[in-house]
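This report concerns only the one structure given below.
Coordinate-derived values only; no laboratory data. A quick note: this is a predicted structure, and the numbers were derived from the prediction, not measured. Cβ placement follows ideal geometry from the backbone for every residue including glycine, while neighbour counts extend to all protein chains displayed.
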Protein chains: 2
Amino acid sequence: MSNCLVAQSGGPTAVINDTLAGVIRANQLNPLYDKVYGGLHGIEGTLAGKLYDLTSLPYWELQLLRQSPSSALGTCRYKMKRGDDADYHRLIDVMDAHDIDTMFYIGGNDSMDTVDALSSWAAENAPGKRFIGIPKTVDNDLMLVDHCPGFPSAAKLANQITHATRLDYDAYTRPEVFVLETMGRDAGWLAASCCLTGDVDLLVLPETVFDKDKFLAEVQKKMDETGACYIVVSEGIRDAEGNYVSAGAASHDGFSHAVLGGAAMAVKTLIVESGIVPRGVVQDLSRAARSSNFAQSLVDCTEAYELGLSAHMHSADPNFNGMVVGVKRAPNAEYDKYDAVYFTVPAKDLANYVRTFPQEWILPDYQGITEEAKDYFRPLVQGEPLLSYDKNGVPETIRPFNLR
Amino acid sequence: MSNCLVAQSGGPTAVINDTLAGVIRANQLNPLYDKVYGGLHGIEGTLAGKLYDLTSLPYWELQLLRQSPSSALGTCRYKMKRGDDADYHRLIDVMDAHDIDTMFYIGGNDSMDTVDALSSWAAENAPGKRFIGIPKTVDNDLMLVDHCPGFPSAAKLANQITHATRLDYDAYTRPEVFVLETMGRDAGWLAASCCLTGDVDLLVLPETVFDKDKFLAEVQKKMDETGACYIVVSEGIRDAEGNYVSAGAASHDGFSHAVLGGAAMAVKTLIVESGIVPRGVVQDLSRAARSSNFAQSLVDCTEAYELGLSAHMHSADPNFNGMVVGVKRAPNAEYDKYDAVYFTVPAKDLANYVRTFPQEWILPDYQGITEEAKDYFRPLVQGEPLLSYDKNGVPETIRPFNLR
């Protein structure tokens, strides 16, 4: 019998460790592999031969792993380039050295592309090596799936902070605006999800053009009509020329993505300088949204775990290669209840495409989202896992494997 | 029988409505007053005669009130000036018009000063009118009390976000710093509380001078030794000349307090410009910390509620006037367990003094806090209230009284 490898890549989420725990637990329930190795820091550490034996983690530690946010194996922004044979050969060498024939890669768009590239290359150059993708991304921007694990928990925290800070904002009489910023470079799913509770007056997404004059007119209108204006913006909002509204659009990460930040501050400054109100409050969810283990969605935890189980189980078929497991919403669910169903799809079908927030779910003039969009979000944020807390009043977590 | 009035002032907290619920419930258990009126928007709305009858709120609504963040009556930053007879007469007129003889004022430093000023003035000018203070403030800066309701829940969320974002930060290999900012203009209690879980490398408080060169040397040292540097700063940190490190120290609120923001961004920029690391992440807790009804401390909820009960019960004594109820820690508690005891103190003894974070609890060179300080914080953040959630996955809340 051979071994398998599992690694995490891209931005961490609140439930990415659920998926890891799922793969490990599935192998304890049915040992398809002698050992389950964790590759530290995604492809980057794996290429350097940094593996951690996860095979026999006790149940209690798997439970703590499940309530630990961030990527317990560590992550990376390293991209294996198509056609870069050196990296490919190096990976196969590491796999051979540890008798590994199957690699599970938990990640977003870029990772699914890596799964596709590796499996295509291995078919010709390293027969018997398999690569299987399991999605995660708070951006929720993968094609073909209904949603991505990690997004529902981020949306749940975003919603909770939106509702709580709206109540805080409403306690005052003084004229000011509130501007909340969420992650979301190209897709506005997370920002849009903040509208679920009805607390948002104006919403700006990467999918809509930020027209300064039109926007300011809407702010003025809300202030005139209600004396308040609570605004949510996605970090990646742009004007008609495609320029980022945020100030800090200068730097770039390893994938040539612009590193953003400051869209809310820019919008607040714009409003204050226009003279509509003398002051504003900025709340940037920043990293808190994606690492909110104290506000996980139970639906999300469950699905992320089950996707880990499912990927491992599918891999019993030796031809299961270059594939991704994903979640779909059961059509016509009985009693009108939400139900997730799992399916598989070739990685190439979703690699490198970005699913933006649907135009038909966006109300005109920055007025938020449609009821249909709310119906999409609502089932995803249901339920709260029962957490164990440590002596410092925070959910108990494990020490990450990459730091051991 | 006469009526009583209760109002909320200053910055909202996650549990200020627990205290309001306590006053209302106490009067349902023992109706010392015919009616319990809520004054909308603190002194500001009360002076304008905006009262809301809270006497008979059903138990289920009191329960929802308890899990609603922010000030359900609305708040204000309006300060009654000592010697401003016009406002004082106006308030007495409003009280007379509604047959009110007792006013409960839930607030921070400034509100306790208002309680003192009003009770002194009334002793000569409006005999029979009484003013009673109940503390709240996330700043935790009131004298004589062990801690202030609202602070423990803010500390609990700050701690949870610190621990979660530290794990997120640790997942990466790239060299960068993380800078988290908390509220805290003159006192660093909230920032200091982030050190409870051991995740903070460097801490800068308003109580310590921000010495740029010394600080940058410590950042360099942490990066050299561990490859990481997770920093927490309080919004009000200042250099040796007393200048705020934050960029936005220009504007002032109604109390001549500087309106701050941006200390973390300023510190991050300083570090990146010094060349120690090429990038950094900024997380500003902003309003989220004080309105975190999804992460309340059960100890905090209980004490805030019981302070409301206690203030009402003390008011059965007609001589109870110009007084504040507060929480102390029981000395030599049995079994070494934390226990809160309630006491009363004249408002003048704590009005307008600020209790800063003790110098003897601060480690030198921005290295955090002592074990004694952690022993102080730890019992305050224990326990999680059982919350009911609405259909959108957020804790169910009431519609604020000031918006009805």
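Observations on the structure shown:
- Pairwise centroid distance, computed over Cα atoms, of segment B:30-44 with segment A:186-209, Å: 39 Å
- Structure-based [θ]222 nm, chain B - -39500 (n - 2.57) summed over DSSP H runs of at least 4, per residue, nearest 500: -10500 deg cm²/dmol
- Label-point spacing for A:Ala48 across the identical copies (point 7 Å from Cα in the Cβ direction), in nm and ascending order: 6.1.
- Convex hull per residue volume in Å³, alpha carbons only, for chain B: 149 Å³
- Other copies of B:Pro31: label-to-label distances in nm, shortest first, labels 7 Å along the beta-carbon direction: 7.3
- Shape category assigned to segment A:1-54 from the gyration tensor of Cα positions, a/c cut at 1.5: oblate
- Euclidean distance of C-alpha centroids, segment A:358-374 and segment A:136-183, integer Å: 15 Å
- All other residues whose Cβ lies under 13 angstrom from that of A:Asp93 are scored, Lys and Arg at +1 and Asp and Glu at -1, for a net of -2.
- The ratio of the alpha-carbon radius of gyration of the protein assembly as shown to the globular-protein estimate 2.2 N^0.38 Å is 0.98.
- In segment B:23-108, trypsin sites (Lys or Arg not before Pro) in a DSSP loop with at most 13 other beta-carbon atoms within 10 Å: B:Lys81, B:Arg82
- Sorted largest first, extent of segment B:112-180 alpha carbons per principal axis (Å): 69, 17, 17
- B:Asp87-A:Trp60 FRET efficiency (beta carbon distance; Förster radius 45 Å; 0.05 resolution): 0.15
- Each 5 Å bin from zero up to the one holding the largest Cα-Cα distance in segment A:147-225 carries the following percent of pairs: 3, 13, 23, 23, 20, 11, 5, 2, 0.
- Pairs of Lys in segment A:151-291 closer than 23 Å at Cα, counting only those 8 or more apart or on different chains: 7
- Ratio Rg/Rh, restricted to segment B:304-365 and using Cα atoms, in which Rh is the Kirkwood radius: 1.09
- From the largest down, segment B:269-378 spans 65, 33, 31 angstrom on the principal axes of its Cα atoms.
- Amide H contacts of A:Lys50: A:Leu40, each under 5 Å away and 5 or more positions distant or on a separate chain (H built 1.01 Å from N in the peptide plane; Pro and chain starts excluded).
- Structure remark: mean-square fluctuation, Gaussian network model of chain B, C-alpha springs under 10 Å; the largest value among B:Ser246, B:Ser193, B:Ser291 belongs to B:Ser246.
- Each other copy places its own label point for B:His89 at 9.5 nm from this one, sorted shortest first, where the point lies 7 Å along the Cα-to-beta carbon line.
- Each of B:Ala126, A:Pro149, A:Leu180 was placed along the dipole of the protein assembly as shown (beta-carbon charges, centred on the mean Cα), and the one lying farthest toward the positive end is A:Pro149.
- 37 °C / 0.692 mPa s Stokes-Einstein diffusion coefficient of segment A:151-291, Kirkwood radius on C-alpha pairs, µm²/s: 218 µm²/s
- Under 15 Å from the Cα of B:Lys79 - aspartates and glutamates, other chains or at least 8 residues apart: B:Glu44, B:Asp87, B:Asp110, B:Asp113, B:Asp116, B:Asp253
- In chain B, the beta-carbon sitting nearest the axis that superposes B on A belongs to the residue given here with its distance in angstrom, B:Asp284, 3.
- Space enclosed by the convex hull of the alpha-carbon atoms of segment A:1-99, per residue, Å³: 88 Å³
- Taking every residue in A:155-161 and counting other chain Cβ atoms within 10 Å of its Cβ, the average works out to 5.
- Chain B: DSSP helices with Cα axial extent of at least 15 Å and average Kyte-Doolittle hydropathy no lower than -0.5: B:16-29, B:85-97, B:151-170, B:263-274, B:298-314
- Simple point charges give the picture: +1 on the Cβ of Lys and Arg, -1 on the Cβ of Asp and Glu, and for segment B:111-217 a dipole about the Cα centre of about 320 debye.
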